[in-house]
Amino acid sequence: MPFRPGFARRDTGADQISSPRQYELRDALKSDDDHVRVQETNADAEYSGTDFTYNDQQDMHRMGKKQELRRNFRFTSILGFVAIAMGTWEVVLSATAAGLTNGGTGGMIWMFVGSFFCFGSIVLSLAEMSSMAPTAGGQYHWASEFAPRSHQKFISYISGWLSTLSWQCGTCSGMFLLGVEIQGLVAINNPTYSPQPWQGYLFVILMVSIGLLLNTWGAKRLPLIEGIILVFHIFGFAAVLVVLWVLSPKNTAHEVFFNFKNNGGWQSIGLGMLVGQVTSIYGLIGSDGAAHMAEETKEASIMIPRCMYWSYLLNGMMGFVMLITYCFCLTDIEGALNSVSGFPFIHVFQTGTGSNAGANGLAAIIIILGIAGATSFFASTSRQTFAFARDKGLPGYKWIGAVHPKLLIPLNAILVTYAFTILLSLINLGSTVAFNAIISLQLLALMTTYAISIGCLVLKRLRHESLPKSRFTLGPLGLPLNVFAFLYSCFAIIFVCFPVALPVEAASMNWAIVMFAGVLVIAGVYYVVYARHVYEGPVVFVQDRAREDGL
């Protein structure tokens, strides 16, 4: 019988209870439908102000963390949250320029298939680690627990900076993409309109302000909103699909699946396709956003990994179907790439429906879902930033790592994310090329954190060292999947740094690697000057708690 990744039942018997407080929680849980509300008190601030289950309490206790955030996400709401944050089918439509240039329709389709299966190993590896340690810290926390003892502190610190960088850049790029899409719609409806960078910047401010509002005033309602948007995510997909298949002119199957382009000037089509895989990877990232919401999800050690792989499968299948549909309807690649809107998918909507009104309606679906996705990304970004600040990894960590006592959200980290997006978007006023590098920077930093955390897990497994108990396990497939995920992460990192086309000039260079190196220099200087004196890494809290419990 073939092995399938699955969930292990966690024993909640008396043999695992290590403190009188746990006995009280166990009795309360048994008498109150498996969850308990613990009010904020001075006597036991570790369990203040939130609903949580017994297993959640066990996980937070083992990791030595205080439960400060409100756990109001369940499976459906967190699935909607991550599915919208990934937004694969929406991204497949919105960000295809690099793929069409380097690969054409055939290249995009086959690279998406390859990327989906390869990236799936990363998702499964992250899902298993999220079950071992369900924390908002994500990759930097896992690196801290699994890295060799002598290097845990610095490896975790660098991973934390890169994770913060990638998520902050991801939020910024998502908001900017929405602003430019709105400008594209204005351009097709008003032939005299000439898009200006400052106008796009104002749209960014509008988009990120909506995200701020939903993540603060609407924080309590966010799970409900995500559940509703999940339905819209599915029905919006169906609406766009049906309209394009019914109304749009079509390419032949041979033109779709075997039309390969090498317009980037690379030595071969194969190399061009590898450069163009950035389009596929950009549409597949985001499932680890669930991990950063772990401290706001009930039964996180089972719900987070389950949500990660189900959202990945759901979005991957929808993205693949939409990509094939899009390629069948993309009858004029050159015209789409040179569209006045700046987006090939808007050109396809125009030619498919035969009117600007039809294109406006379909594009409106993409923009509404894009706002929801950017808001979800905003939330995950602020939680990751909060967690790293809580562990004293960022400047101003005391302020950034604070939780609002009434809202029970990391308000200051949310404000930092808001300000970062507004400031980083100023780059576009001076150079669109420089801003586009932010997307590559996001992928470069994120794939590096995957490689670091999974690499540490591989090393720990090769040394046959014990791992934390988890309710989701890869079993005997764990090591080979982890090794493949690590190698694929390193492979993808190389091509994320490539420019879109040759020859390369200062104006067309992919500046991501330069910005990446700059952030590492800043992180290194801060570490030498200050952080090494205060940052110890999450594993220290785990070890301290284990000593307290006599383990």
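The values are calculated or read from the model by the stated rules, or taken from the named source; none is laboratory data. Note that the structure is predicted; figures quoted are calculated from it, not measured. Cβ: placed from backbone, ideal geometry, glycine included. Neighbour counts: every protein chain shown. Remember, those area values only see protein heavy atoms, side chains included, never the ligands or the DNA or RNA. Shrake-Rupley method; radii C 1.70, N 1.55, O 1.52, S 1.80 Å.
Each row is one residue, and each column tells you yes or no for (1) among the small types (Gly, Ala, Ser); (2) in contact with a Ser or Thr (Cβ under 6 Å, 6 or more places away or on another chain).
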site	(1), (2)
TRP266	no, no
GLY272	yes, no
VAL275	no, no
GLY289	yes, yes
THR297	no, no
ALA300	yes, no
TYR312	no, yes
VAL321	no, no
CYS327	no, yes
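Show me the helices (runs of 4 or more DSSP H) entirely contained within segment 314-410 in which 3 or more residues are open to solvent by less than 10 Å² (accessible area, probe 1.4 Å) and in contact (Cβ under 8 Å) with a residue 24 or more places away in the chain. Show your work before the answer.
Details: elements: 333-337, 344-353, 356-390, 397-400.
Output list reads 344-353, 356-390.
Yes/no per residue for (1) open to solvent by less than 20 Å² (accessible area, probe 1.4 Å); (2) within 30 Å of GLU299 (Cα to Cα); (3) among the hydrophobic types (A, V, I, L, M, F, W, C):
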residue: LEU459; (1), (2), (3): no, yes, yes
residue: GLY478; (1), (2), (3): yes, yes, no
residue: PHE486; (1), (2), (3): no, yes, yes
residue: GLY518; (1), (2), (3): no, no, no
residue: TYR527; (1), (2), (3): no, no, no
residue: TYR535; (1), (2), (3): yes, yes, no
residue: ALA546; (1), (2), (3): no, yes, yes
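Each row is one residue, and each column tells you yes or no for (1) open to solvent by less than 40 Å² (accessible area, probe 1.4 Å); (2) in contact with a Lys or Arg (Cβ under 6 Å, 6 or more places away or on another chain).
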| position | (1), (2) |
| --- | --- |
| GLY264 | yes, no |
| ILE269 | no, no |
| GLY272 | yes, no |
| GLY276 | yes, no |
| GLY283 | yes, no |
| ALA294 | yes, no |
| LYS298 | yes, yes |
| ILE304 | yes, no |
| TYR309 | no, no |
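Of the residues that sit in segment 461-476 and are open to solvent by 70 Å² or more (accessible area, probe 1.4 Å) and part of a helix (DSSP H, G or I), which one is modelled with the lowest pLDDT? Ranking the qualifying residues of segment 461-476, first place goes to PRO476. Counting the residues of segment 214-273 that are within 23 Å of the chain's Cα centre (by Cα) and outside any loop (DSSP other than H, G, I, E, B) gives 19. Condition check for ILE452 on (1) open to solvent by 60 Å² or more (accessible area, probe 1.4 Å); (2) closer than 22 Å to GLY289 by Cα: one failure, at (1).
Listed here are the residues, each with its yes/no results for (1) under 30 Å from GLU548 (Cα atoms); (2) modelled with pLDDT of 90 or more.
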site: TYR47; (1), (2): yes, no
site: THR50; (1), (2): yes, no
site: THR53; (1), (2): yes, no
site: MET60; (1), (2): yes, yes
site: ALA98; (1), (2): no, no
site: PRO134; (1), (2): yes, yes
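For (1) farther than 27 Å from HIS404 by Cβ; (2) open to solvent by 10 Å² or more (accessible area, probe 1.4 Å); (3) touching a residue at least 60 places away in the same chain (Cβ under 8 Å), each residue gets a yes or a no:
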{"residue": "GLY64", "(1), (2), (3)": "no, yes, yes"}
{"residue": "ARG71", "(1), (2), (3)": "no, no, yes"}
{"residue": "ARG74", "(1), (2), (3)": "no, yes, yes"}
{"residue": "GLU90", "(1), (2), (3)": "yes, yes, yes"}
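Residue pairs whose Cβ atoms lie under 7 Å apart, separated by 6 or more positions or on different chains, with the first residue in segment 272-291 and free of Cβ contacts under 8 Å to residues at least 12 places away in the same chain and the second open to solvent by less than 10 Å² (accessible area, probe 1.4 Å), do not occur.
Of everything listed in (1) at pLDDT 95 or above; (2) surrounded by fewer than 24 Cβ atoms within 10 Å (Cβ to Cβ), the single unmet condition for THR164 is (2).
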